[in-house]
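Since the structure comes first, as structure tokens, the remarks are kept for the end.
The values are calculated or read from the model by the stated rules, or taken from the named source; none is laboratory data. Just so you know, these numbers come straight off a predicted model, no measurement behind them. Note that we place each Cβ from the backbone using ideal geometry, even for glycine, and neighbour counts take in every protein chain shown.
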Amino acid sequence: MISEELKKIMDIAGGRYIIVENGKPAYIVMNFQEYKEAILGRNELRGLTEEELIDKINSDISLWRENKGNPEEELLDEIEKLEDVEYVR
């Protein structure tokens, strides 16, 4: 079971966490709803025309820029720094 604290950190970090083994990415942990949306979204992209795809990319970039000024950005920066740390039990 994943702790509530870890779930909150994962949500702040975008809902994804990469597990590294031997210095290489090995697994991605994410919530099921996000995974499902990613898979469905991939299928939706296949049916887009070039112009529709460009519009979608531009829209996604705009959303990313809006969220970039998020007050939680400092915490995200700290989490990114921690992603490079290997935790050993």
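State all residues of region 23-80 that are among the small types (Gly, Ala, Ser) and modelled with pLDDT of 80 or more; if no residue qualifies, say none. Across region 23-80, the qualifying residues are Gly23, Ala26, Ser59, Ser62. Applying the condition of being part of a strand (DSSP E or B) and among the β-branched types (Val, Ile, Thr) to region 27-44 and asking which residue is farthest from Met1 (Cα to Cα) yields Ile28. Restricting region 5-26 to residues that are of a type in the set (A, V, I, L, M) and assigned to a helix (DSSP H, G or I), the residue that is surrounded by the most Cβ atoms within 10 Å (Cβ to Cβ) is Met10.
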